[in-house]
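Down below is the structure, laid out as structure tokens.
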Amino acid sequence: MPRINKVEVAKVICTNCEIEHGKNQYYLSRIEGQERMEVCKGCFNDEFKDNYLECLEKYNIPFIKKMWDISENNCGLYLKNITLPQFSKLRWKDSQFENEPELEETNVYQEIVGYLKKEAKKLSGRLVLYNNQGEMNLYISTIKSLKETLDLINKYDWRLMYSEYETSEESGRPTKPLTKQVSVWEQNHENQIRNHKVWNVAEASDNIDSNVLEHLYAMSDDESNSDTQ
Ligand SMILES: [Zn+2]
């Protein structure tokens, strides 16, 4: 009968278990010139369970971490997930063993900034200690470390900005001497400003570190008390 003949034509013998299966019992292949795999789904699933990376490489299937994470170790589900248009043309050599760079980077920088801020507070605490003890070598090396740490924070997070300028203390009283004002604020890449603080300084000071330090203390004291502008 023609119908039986048609079914027989559609059947393929698995090169592994050597059992004849219908065509739909074979996954689509990513090997050049091959429409479907030569091993049946059952045999492929077993190989996949044994060592999924070796298996993916052998069958020229890409490993896409993002898709892997949502496929719950389910072979069939993973193969289905990577048929999405952005992955359908990919092969083993195009594997993505990490999630998308920009996503990963954001998390990494948040972690780094958190760590650096703790480090900066620790260093500023040591500065006071070394200053009180008159340990000038330690004091200077700690200032250098603090500056490096702050530079990194500025690079990755809100930047500490600083300016100093001279101003007359009160208008209409010209006999009063000029006073120095020091201003510190934080600014991010979108040029938003927060924690803006202004001090009147009696004496001119060229030491930015002491001002930055002062600001750090102010920040740690004010943490519950937001001063966003
Ligand atoms: Zn088989």
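Carbon and sulfur together cover what percent of the accessible area of the range 2-94 at a 1.4 Å probe radius?
The C+S portion of the solvent-accessible surface of the range 2-94 is 50 percent.
For every other residue with a beta carbon closer than 14 angstrom to the beta carbon of residue 89, add +1 if it is Lys or Arg and -1 if Asp or Glu, then tell me the sum.
Surrounding charge for residue 89 is +1.
Assuming 0.36 nm per residue, please report the length gained on full extension of the stretch residue 80 to residue 115 beyond their Cα-Cα distance.
Working it through step by step, the gained length comes to 8.6 nm.
May I ask you to order 23-33, 142-152 by the average number of other C-beta atoms within 10 Å around their residues, highest value first?
Top of the packing list down: 142-152, 23-33.
What is the spin-label model distance, in nm, from residue 161 to residue 13 if the labels are put 7 Å beyond Cα along the C-beta direction?
Between residue 161 and residue 13, the simple spin-label model gives 7.8 nm.
Determine, from the Cβ-Cβ distance of residue 132 and residue 99 and an R0 of 45 Å, the FRET efficiency 1/(1 + (r/R0)^6), rounded to the nearest 0.05.
For residue 132 and residue 99, the calculated efficiency is 0.40.
The values are calculated or read from the model by the stated rules, or taken from the named source; none is laboratory data. Please read all numbers here as calculations on a predicted model, not as lab measurements. With ideal geometry, Cβ positions are generated from the backbone for all residues, glycine too; neighbour counts draw on all protein chains shown. Only protein heavy atoms, including side chains, enter the accessible area calculation; ligands, DNA and RNA are left aside. Shrake-Rupley method; radii C 1.70, N 1.55, O 1.52, S 1.80 Å.
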